[in-house]
Amino acid sequence: MVNIDNNKFYFDLKNYFIRFVPNEDNLDIINGDDKSNLTINPISRNIRHALEYCVNDLRRDRNKTIERLLNEKNVNDIFCSIAQLLLSNDDRVCGNSAYILGSAVELEAGLKQFLTIFSNNRSQNTVDVIRILCHLLKHSDSECVLNAAGTLGTICSSKEGRDIILNHACISQMIINTSSLLSSNNSWIASNVALVLARITVEELGCQTILTHSKHREILNELVSALDISDPSRSTNAAFAIGRLIEKDEGKKILISVCGQYKIFDALLHMLETNEEKGVNKNACYALSCLCTTYYGFQLCLQYLTVFHQILFAIEALLSSNEHENIWFALMCLRTIAQYDGADDHLCYSKTLPEKLKQIRDKWKTYKDIQDESKLLWYMIHRNIKPNRPNVDECRNTSADISWNLCIDSWDNNEFQYRIILDNKPITVTNNTNYCLKNLTPNTNYSVQIQYVTSHGDSIRSDPIVFHTDEELPPPVNNLHVARRTMTAARIAWDPPDLSGCNSFKGYQVYLGKKKKLFY
């Protein structure tokens, strides 16, 4: 249909929307009382033309066309009639009807109207559009399949839409139909059905429906095969769906049992290494982070260590990306892995991660989400770095001066502190790299350690250094007096002090003025 007046929409020239409103001339668009098994009577030329007009207007300006549709007085009847036309055996009619509905639900207002009309508590006379869309996924015409899959994917973009689909009686068949199309030669169809699966896994019910499906083996194998980056959009959506399915150990065990961990790791590595599509990269990171949400998942990574290290190198390379989302997802994935004991050895295997985190800190200063993730990861990978053993600079009988060197660069000097541990008991926290230990007991062995303290956690303790305080100094003598004197000499005497706490007493020194004269 060609619009000879290019300045006007068809709906301005002839309001074709009213042709979809049931009346005496078109009451017989459908036959049959069983709404799940409807048959379509021959479609009138007026209806066919109305579909063509609407499709042309949508391609010219979707938003204005749907806005006009939604403002029609009988908008609910129009939606229902177009939904009924999905049952037509005429591929053109069916495809156009699916295209119109798919375009309508792409707008928030259109989706809201659609869900209001076709919700689970719909009236008895409302067509079961979800069942029809599910059935169209098996249609012989690729345009019908494409539009049906696209419409289902858009419906699933909202919580209400997902609930309607997941609680529908045909959900089991829909999952089979969509998963079987993941290998379609039509990349648009494959991408659309992958999006449907990705969006229904947003809900826990969607994950459980897939994992407990009677044909879950076929479904999961199709999903893992869909990670193949020959179709980036499909692999992006498949990676998200797999990530959601394996967030819990139950899903991890089922997927590994069905597909094998090596196939999954190899696919994720390929997604990270050989594709510049940011969606592919970030969702590969997301899937790996979901795998590592539990210790069991982290252990699965260690069982395939060589490839795991290659994956970590590839994720680390993403940290140099200019794409904000790629960097955030890469940081989030590494931070998820970093929570486990020993993970820092693998994360720092390349020896370059700390420096790259510093570069991110300086480059992405205005992005709080990146700053927070990179800072947290920094402290997590350094929490198991042992501080240098402190030095004892000077030791006295009741005090000792200690100092230490910082063995790592700090992320923020204002946040980096040190805990001093004396004989396994924390005694203070300081911002300095030296400290004076006071109130010590003379002639006693002590052990002192250092520990890094940050807002995101503490490091392990340094090796201890052991030192021995000097003995207690003897108290002054008592009753110092001149016992006898002459013109040129004087004899002095004193009462001895209590020397019970001094085991190294050797004698007395006598001073005349400030000069030492004698030793007794």
Taking amide hydrogens as modeled 1.01 Å from N in the peptide plane, which residues meet the under 5 Å criterion relative to I246, leaving out close sequence neighbours?
none
What value does segment 450-497 have for Rg/Rh, both radii from Cα atoms and Rh as Kirkwood defines it?
1.61
Here are several values of mean projected area of the Cα convex hull in nm²: (1) 38.6; (2) 30.8; (3) 29.6. Which one was derived from the coordinates shown?
(1)
Can you check how the C-alpha radius of gyration of segment 226-270 compares to 2.2 N^0.38 Å, as a plain ratio?
1.12
How long are the semi-axes of the equivalent ellipsoid of segment 391-468, taking √(5λ) for every eigenvalue λ of the Cα gyration tensor, in whole Å from largest down?
24, 12, 10
Starting from the Cα coordinates of segment 275-384, work out the convex hull volume and express it per residue in Å³.
89
Using 0.36 nm per residue of separation minus the Cα-Cα distance, give me the extension gain between A489 and L13 in nm, one decimal.
157.7 nm
For the cross-link pairs K64/K112; K112/K278; K363/K386; K138/K215, which exceed 20 Å when the distance is taken from alpha carbon to alpha carbon?
K112/K278; K363/K386
In units of 2.2 N^0.38 Å, the Cα radius of gyration of segment 120-204 is 1.02
Round to the nearest 0.05 the FRET efficiency obtained for Q371 and D498 when R0 = 56 Å and r is the Cβ-Cβ distance.
0.30
K363 to H309: extension gain in nm, 0.36 nm per residue of separation minus the Cα-Cα distance?
16.8 nm
Take each of the peptides 172-180, 341-349, average the number of other beta-carbon atoms within 10 Å over its residues, and list them starting from the highest.
172-180, 341-349
Taking the Cα atoms only, what angle lies between the long axis of helix 108-118 and the longest principal axis of the chain, rounded to 10 degrees?
60
Express in nm, to one decimal, how much length is gained between S119 and K138 on full extension, taking 0.36 nm for each residue of separation and deducting their alpha carbon distance.
4.5 nm
Can you compute the label reach from E471? Point 7 Å from Cα along the Cβ direction, backbone N cut-off under 20 Å, restricted to segment 412-452.
440-446
R0 = 25 Å: FRET efficiency of D401 with Q509, Cβ-based, nearest 0.05?
0.40
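Just so you know, all these numbers are worked out from the coordinates, no wet-lab data involved. Values in this document were obtained by computation on a predicted structure and should not be read as measured data. As a convention, Cβ positions derive from the backbone with ideal geometry for all residues, glycine included, and neighbour counts pool all protein chains shown.
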